[in-house]
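Heads up, the thing below is written out as structure tokens.
The values are calculated or read from the model by the stated rules, or taken from the named source; none is laboratory data. This one's a predicted model, so the numbers in the text were calculated from it and none came from an experiment. Ideal geometry is used to build each Cβ from the backbone, glycine not excepted, and the neighbour counts take in all protein chains shown. For the accessible areas, the whole protein counts, side chains as well, though only heavy atoms, and no ligand, DNA or RNA atoms are used. Shrake-Rupley method; radii C 1.70, N 1.55, O 1.52, S 1.80 Å.
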Amino acid sequence: MEKGIIVGVDLAKHSFQLHGSSADGTVLFRKKLSRPQFHRFMSEQPRCSVVMEACGGAHFWARELGRLGHDARLISARYVKPFIKRQKNDAADAEAIVEAATRPTMRFVEVKSAEQQARAVVFRTREQLLKQRTELVNALRSHLYEFGYVAPQGIHNLPRIAKILDDKNTDIPSLARETCCDLLSQISEQTTRINALTKRMGELARTADTTRRLQTMPGIGPIGALAIETFAPPMETFGCGRNFAAWLGLVPRQNSTGGKQRLGRTSKMGQQDIRRLLIIGAMAVVRWTSQKGARPGTWLARMLATKPRMLVAVALANKMARGIWAMLTRNEDYRDPGQLMAA
């Protein structure tokens with residue numbers, strides 16, 4: 001942190017708790033302000049370091065404070081919690097934010113731009129619609145099961161369900177039939193919205209050079225490429241590809257002590273959207289390779305010969321994360337290591 005005043009801000013919807021401290025830890029002020037008062041107060045202050053927890057609205061306020069000339073930084077809430085003294089309240093949280101920010105090894109969250117957050121809204125909305133459609137499909141299947149009709153899982157089996165409801169010879173009561181038909185229409189509406197958002201995300205993925213470059217890697221499509229560009233910080237913030245894989249939660253959880261390494265299951269402590277899409281893409285590559293056959297002598301061929309497919313997919317997702325870091329830091333498209341070995 002820069003020398004001078006450090007202001008810790010505990011954000012809320014309508015009130016903001018401020019804790020001002022000098023570089024040596026001396027408390028300068030403690031204030032509780034409303035939203036208009038907070039903006040007015042910070043606009044009147046000389047340039048200082050302002051630290052907030054990375055929560056809802058934090059990226060907006062970081063951009064606003066940056067326009068006012070301040071050095072705005074965000075810090076993960078899990079790194080603030082150890083510095084809270086005894087009881088938890090807004091004032092204690094603001095003080096803990098300052099204490100955490102003054103640590104020389106503290107890691108900060110990159111501030112997102114408005115365009116990144118706009119893409120995140122599209123991504124989150126599509127995910128929400130998918131969950132809602134899944135709920136509707138499961139509700140429809142459970143209703144039909146009450147009358148003795150077992151429908152298989154999967155959105156592609158909806159025509160079979162619709163055929164059951166259209167058949168007048170079935171013994172489904174008219175009231176239940178009408179309700180189930182209404183659920184079918186809701187599912188159709190959700191599907192239309194999902195397809196529109198998927199098309200929009202595909203258009204966004206084609207317009208940026210970063211997303212185009214990411215899609216040259218097998219297992220990464222338009223949605224995965226857009227998620228990486230939206231949710232991942234600049235790759236220059238990671239020292240190497242392994243750090244990026246660890247940030248995604250694609251490394252084993254450690255419980256090492258006494259010089260002895262003890263590795264457990266995958267940590268899953270990072271960005272879950274990117275991690276999930278990388279594993280799905282890796283599983284698609286593993287499935288295709290299992291059907292078509294891997295090139296002899298390659299890493300994937302050796303892994304598939306001795307390990308379960310799901311384990312291979314997670315390991316491949318780890319390699320994909322490291323490859324993504326290399327591609328974006330060097331501004332290069334994907335190069336197949338198997339072809340390089342053959343050359």
**OP:** Would you check which residues across region 305-321 are open to solvent by 50 Å² or more (accessible area, probe 1.4 Å) and more than 21 Å from Phe231 (Cβ to Cβ) and list them?
**Re:** Ala305, Thr306, Lys307, Pro308, Arg309, Met310, Leu311
Subject >> Near pairs, Cβ below 8 angstrom, 6+ apart or cross-chain, from region 267-280 (touching a residue at least 12 places away in the same chain (Cβ under 8 Å)) to any residue that is crowded, with 18+ Cβ neighbours inside 10 Å and basic (Lys, Arg) >> reply: Lys268/Arg275
Original post:
Any chance region 85-101 includes a residue that's among the aliphatic types (A, V, I, L, M), in a helix (DSSP H, G or I) and under 20 Å from the mean Cα position of the chain (by Cα)?
Top reply: no
Original post:
Do you know which residues across region 144-187 are within 30 Å of the chain's Cα centre (by Cα), open to solvent by 40 Å² or more (accessible area, probe 1.4 Å) and at pLDDT 95 or above?
Top reply: Gln186
**OP:** Could you please let me know if Arg141 is of a type in the set (Lys, Arg) and either farther than 29 Å from Phe123 by Cα or touching a residue at least 60 places away in the same chain (Cβ under 8 Å) (or both)?
**Re:** no
Original post:
So which residues in region 224-263 are touching a residue at least 24 places away in the same chain (Cβ under 8 Å), within 25 Å of Pro337 (Cα to Cα) and in a loop (DSSP other than H, G, I, E, B)?
Top reply: Ala232, Pro234, Phe238, Cys240, Gly249, Leu250, Val251
Subject >> The listed residue being among the basic types (Lys, Arg), over 18 Å from Arg242 (Cα atoms), outside any helix (DSSP H, G or I) and open to solvent by 30 Å² or more (accessible area, probe 1.4 Å), out of Arg287, Arg335, Arg302 >> reply: Arg335
**OP:** Take region 202-219 and flag every residue that is in contact (Cβ under 8 Å) with a residue 60 or more places away in the chain and closer than 21 Å to Arg322 by Cα.
**Re:** Thr210, Arg213, Leu214, Thr216, Met217, Pro218, Gly219
**OP:** Write out, first by first residue and then by second, each pair whose Cβ atoms fall under 8 Å of each other, whose residues are 6+ apart or on separate chains, and whose first residue, in region 158-181, is closer than 21 Å to Glu135 by Cβ and polar (S, T, N, Q) while the second is open to solvent by 30 Å² or more (accessible area, probe 1.4 Å) and part of a helix (DSSP H, G or I).
**Re:** Thr179/His143
Original post:
How many residues, within region 85-118, are open to solvent by less than 50 Å² (accessible area, probe 1.4 Å), closer than 30 Å to Gly239 by Cβ and out of contact with any Gly (no Cβ under 9 Å at 6 or more places or on another chain)?
Top reply: 4
Original post:
Among the numbered criteria (1) assigned to a helix (DSSP H, G or I); (2) out of contact with any helix residue (DSSP H, G or I) (no Cβ under 8 Å at 6 or more places or on another chain); (3) of a type outside the set (Lys, Arg); (4) over 24 Å from Val109 (Cβ atoms), which single criterion is violated by Ala282?
Top reply: (2)
